[in-house]
Amino acid sequence: METWITAGYEPSLPVTEKSNPLTRDIDKADAKHIVHLLKNCDAEIFKKEWDAHESYQTLSSESVIQKMIHLAKKVEEMLKDPEESLIVMSGCGTSGRLACLLATSFNGLLKELQHDQIYSYIIAGGDKALLISQESTEDSPQRGVEMLRMACEGKKRVLFIGISCGLSAPFVAGQIDFCMHNLNVFTPVVMGFNPVKMARNEPICGWPLTFRRVLERMEELQKSNEAFIINPVLGPEAISGSSRLKGGSATKIILETIFLAGHEAFFSSKNITVQHILKRMEIYKEVHTVTYSQSDKIAFLVQQVGESLQQSGHVYYIGWSSLGVMGVIDASECIPTFGADIEDVRGFISKGYDELKNNEGDLSSVGPAFRIGHVDFVNDVLPHVSKSDIIIFLFALDNDLHDIETLANQTKLKTSNLHAVCHAYPEFSLPIDLQKMFSSVLSIAWPAVPLESEGYHIKKFTRCSHSESFKALLQAIYDVEELTDAMADADVIEHTIAASTRTRVLPTALVILIRHCSVSEAKSRLDAHPVIREAVEACLAASQG
């Protein structure tokens, strides 16, 4: 049995605040052992059950899966009536930042599919809190309600998801309570990682309820599917109380699974089943395996970052697309989690706020810490970079490699302490010339993403270049003759999500290349043959005739 489950182990603390016996000595460990401890701790996210403690739900518990299915069907319903519907995610700190990431990512997907956008986010303290915590707002239920009212104005159907990993944030408690008093519009959902009996029960200043009392009312409404509590237990965090870690990961896993299932049901008429949800969960488990298969390289990078910080140096993340957003999020978390100075760790995104797509737009005028574009890095930071600083590029192989090379060249004029974390795919690798620009390259290959595999097979089958093959694949995915910048710049995960809503993607791309024709002509040729193989063979014969 896990030690932390026993009755006498830190009995006054909820699960999310307990220390984890697995990582008790993490502060004494060297870099390699730190990564090993994190691997074991993160693996607890995917435990099927907690030994001898049946009352603790897990991610794969039947009750959790059934709630996810019900909510995925809600998403499907809202996609059918986007003008009247809204999905709002809200949270403080990490939870609010993930809400922003998910809302903007799924809105981007809907835009590419030429569908009205239905996602929105709220973060306590407004968009400034995406970069620097705004603690006072997190404690205000009234401010939470005020921001929710503004976000939902004019909507007749709202799925509200309040994220509070410890089931403790007054900001979220106020919003959930408001939703329960307006069930004609709202379906309230709360997400956290403690049992209800461990939710915070301390009085909230200027408010008559506690978080636990709000949840106890939700439990009654849950019986009639009017409200939902999703609260699997993940085990204590690797760093006590730091719910940005396992709590943040599980938040992303659960919400992405729900949203993707809803999208597939709407766009592809796929049934939402228990097996469907569990299969998606297995993909995330594979992400854990693939990531930690690179433990030695991760440990090397951890060591380099530690040495820079010990020498009073700085850590700069230079990222592209969603990886750039994750770099900004990680940098913002270092201040409250580790007591870092605001300048110790900073993140920069290729197109700044245009890439972040936040509610309030460009915040650069607020102060230097809010300047997050690559151009800001080049102008404000790069002239002052020293040998003790470390710079980490975050990108995927389908990002603009020329842009990456240009910025790497500029950076190397100031420091050789330049490293890369690259998301790659089995059939493709980072060009050797670009690899040589970095002191180390941590390349993580994702075998579970079908899109790149399809691109490889198209390339092999048609003998076209990678860029030609990938362009045809994207044309088939988005059903357009000309790709927009947003489509071309989206990362491979977004492409894969979009592909799941289409049929005959691979055959359409093949015909486009074989016949050098438009998307519409390719689809017409496929329509003329009931068997796809016959259509492709006919096109091949015609092209060779």
Looking at region 187-210, which of the residues that are in contact with a strand residue (DSSP E or B) (Cβ under 8 Å, 6 or more places away or on another chain) and closer than 19 Å to residue 124 by Cβ is surrounded by the fewest Cβ atoms within 10 Å (Cβ to Cβ)?
-> 210
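Does region 259-282 contain at least one residue that is farther than 30 Å from residue 34 by Cβ and touching a Pro at 6+ places or on another chain (Cβ under 7 Å)? Steps first, please.
Taking region 259-282 first, the residues farther than 30 Å from residue 34 by Cβ are 259-279.
Adding the requirement that they be touching a Pro at 6+ places or on another chain (Cβ under 7 Å) leaves none.
No; the residues of region 259-282 include none that is farther than 30 Å from residue 34 by Cβ and touching a Pro at 6+ places or on another chain (Cβ under 7 Å).
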Extreme residue, surrounded by the most Cβ atoms within 10 Å (Cβ to Cβ), among residues of region 256-281 that are outside any helix (DSSP H, G or I) and at pLDDT 90 or above = 272
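Residues to consider are 486, 472, 542; find the one that is open to solvent by less than 70 Å² (accessible area, probe 1.4 Å), within 14 Å of residue 398 (Cβ to Cβ) and modelled with pLDDT of 65 or more.
Numbers: 472 fails: within 14 Å of residue 398 (Cβ to Cβ); 542 fails: within 14 Å of residue 398 (Cβ to Cβ).
Within the list 486, 472, 542, the selection yields 486.
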Confirm whether residue 298 is of a type outside the set (Phe, Trp, Tyr), touching a residue at least 12 places away in the same chain (Cβ under 8 Å) and surrounded by fewer than 19 Cβ atoms within 10 Å (Cβ to Cβ).
-> no
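How many residues does region 222-250 contain that are in contact with a strand residue (DSSP E or B) (Cβ under 8 Å, 6 or more places away or on another chain) and part of a helix (DSSP H, G or I)? First the steps, then the outcome.
First pass over region 222-250, keeping only residues in contact with a strand residue (DSSP E or B) (Cβ under 8 Å, 6 or more places away or on another chain): 222, 226-231.
Now drop any that are not part of a helix (DSSP H, G or I), which leaves 222.
Number of matching residues: 1.
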Would you check which residues across region 1-52 are open to solvent by 20 Å² or more (accessible area, probe 1.4 Å), aromatic (Phe, Trp, Tyr) and not in a loop (DSSP other than H, G, I, E, B) and list them?
-> 46
Within region 219-235, is there a residue that is farther than 30 Å from residue 330 by Cα, modelled with pLDDT of 95 or more and crowded, with 23+ Cβ neighbours inside 10 Å?
-> yes
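If you check residue 253 against the conditions, is it surrounded by 23 or more Cβ atoms within 10 Å (Cβ to Cβ), among the aliphatic types (A, V, I, L, M) and in a helix (DSSP H, G or I)? It would help to see each step written out before you state the result.
Numbers: surrounded by 23 or more Cβ atoms within 10 Å (Cβ to Cβ): no; among the aliphatic types (A, V, I, L, M): yes; in a helix (DSSP H, G or I): yes.
In short, no.
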If you check residue 55 against the conditions, is it without any contact (Cβ under 8 Å) to a residue 60 or more places away in the chain, among the polar types (S, T, N, Q) and surrounded by fewer than 18 Cβ atoms within 10 Å (Cβ to Cβ)?
-> no
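Can we say residue 44 is more than 24 Å from the chain's Cα centre (by Cα) and in contact (Cβ under 8 Å) with a residue 12 or more places away in the chain? Outline the logic, then answer.
Details: more than 24 Å from the chain's Cα centre (by Cα): no; in contact (Cβ under 8 Å) with a residue 12 or more places away in the chain: yes.
Spelling it out, it is not the case that residue 44 is more than 24 Å from the chain's Cα centre (by Cα) and in contact (Cβ under 8 Å) with a residue 12 or more places away in the chain.
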Please verify whether region 136-150 includes one or more residues that are in contact with a Cys (Cβ under 9 Å, 6 or more places away or on another chain), over 20 Å from residue 183 (Cβ atoms), outside any loop (DSSP other than H, G, I, E, B) and open to solvent by 30 Å² or more (accessible area, probe 1.4 Å).
-> yes
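Given the residues 312, 295, 332, which is the only one that is out of contact with any Cys (no Cβ under 9 Å at 6 or more places or on another chain) and closer than 28 Å to residue 486 by Cβ? Quick ask: steps written out before the conclusion?
On the way: 312 fails: closer than 28 Å to residue 486 by Cβ; 295 fails: closer than 28 Å to residue 486 by Cβ.
After applying the criteria, what remains is 332.
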Among the residues of region 62-94 satisfying the criterion of being open to solvent by 10 Å² or more (accessible area, probe 1.4 Å) and of a type in the set (Ser, Thr, Tyr), which is farthest from the chain's Cα centre (by Cα)?
-> 63
Criterion (open to solvent by 20 Å² or more (accessible area, probe 1.4 Å), acidic (Asp, Glu) and without any contact (Cβ under 8 Å) to a residue 24 or more places away in the chain) met by exactly one of 344, 354 | 354
Just give me the residues in region 385-401 being under 26 Å from the mean Cα position of the chain (by Cα) and either at positive phi or not in a strand (DSSP E or B) (or both), in sequence order.
-> 397, 398, 399, 400, 401
Unmet requirement for residue 58, which otherwise passes all of (1) within 28 Å of residue 310 (Cα to Cα); (2) part of a loop (DSSP other than H, G, I, E, B) | (1)
Just give me the residues in region 282-295 being in a helix (DSSP H, G or I), surrounded by fewer than 19 Cβ atoms within 10 Å (Cβ to Cβ), touching a residue at least 60 places away in the same chain (Cβ under 8 Å) and of a type outside the set (Val, Ile, Thr), in sequence order.
-> 285, 286, 288, 292, 295
Would you pick out the residues in region 346-384 that are farther than 18 Å from residue 334 by Cβ and part of a loop (DSSP other than H, G, I, E, B)?
-> 350, 351, 352, 357, 358, 359, 360, 361, 362, 363
Unmet criterion (only one of (1) modelled with pLDDT under 95; (2) under 26 Å from residue 242 (Cβ atoms)) for residue 112 | (2)
Given the conditions (1) closer than 13 Å to residue 97 by Cβ; (2) in a loop (DSSP other than H, G, I, E, B), and given that residue 334 satisfies all but one, which numbered condition is not satisfied?
-> (2)
Among the numbered criteria (1) in contact with a Lys or Arg (Cβ under 8 Å, 6 or more places away or on another chain); (2) surrounded by 20 or more Cβ atoms within 10 Å (Cβ to Cβ); (3) of a type outside the set (Asp, Glu); (4) closer than 30 Å to residue 484 by Cβ, which single criterion is violated by residue 107?
-> (2)
Quick check: is even one residue across region 117-125 buried (at least 24 other Cβ atoms within 10 Å of the Cβ), at negative phi, part of a helix (DSSP H, G or I) and modelled with pLDDT of 95 or more?
-> no
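Tally time: how many residues in region 308-330 are touching a residue at least 40 places away in the same chain (Cβ under 8 Å) and open to solvent by 30 Å² or more (accessible area, probe 1.4 Å)? Steps first, please.
Filtering region 308-330 for residues touching a residue at least 40 places away in the same chain (Cβ under 8 Å) gives 308, 311-329.
Then drop every residue that is not open to solvent by 30 Å² or more (accessible area, probe 1.4 Å), which leaves 311-312, 314, 317, 322-323, 326.
Selection size over region 308-330: 7.
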Only one of these conditions is not met by residue 179: (1) touching a Pro at 6+ places or on another chain (Cβ under 9 Å); (2) open to solvent by less than 10 Å² (accessible area, probe 1.4 Å); (3) more than 28 Å from residue 263 (Cα to Cα); (4) assigned to a helix (DSSP H, G or I). Which number is it?
-> (3)
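The values are calculated or read from the model by the stated rules, or taken from the named source; none is laboratory data. What you see is a predicted model; the values in this text were computed from it and never measured. Cβ atoms come from the backbone with ideal geometry, glycine included; neighbour counts cover every protein chain shown. Protein only, heavy atoms only, side chains kept; ligands, DNA and RNA dropped before computing areas. Shrake-Rupley method; radii C 1.70, N 1.55, O 1.52, S 1.80 Å.
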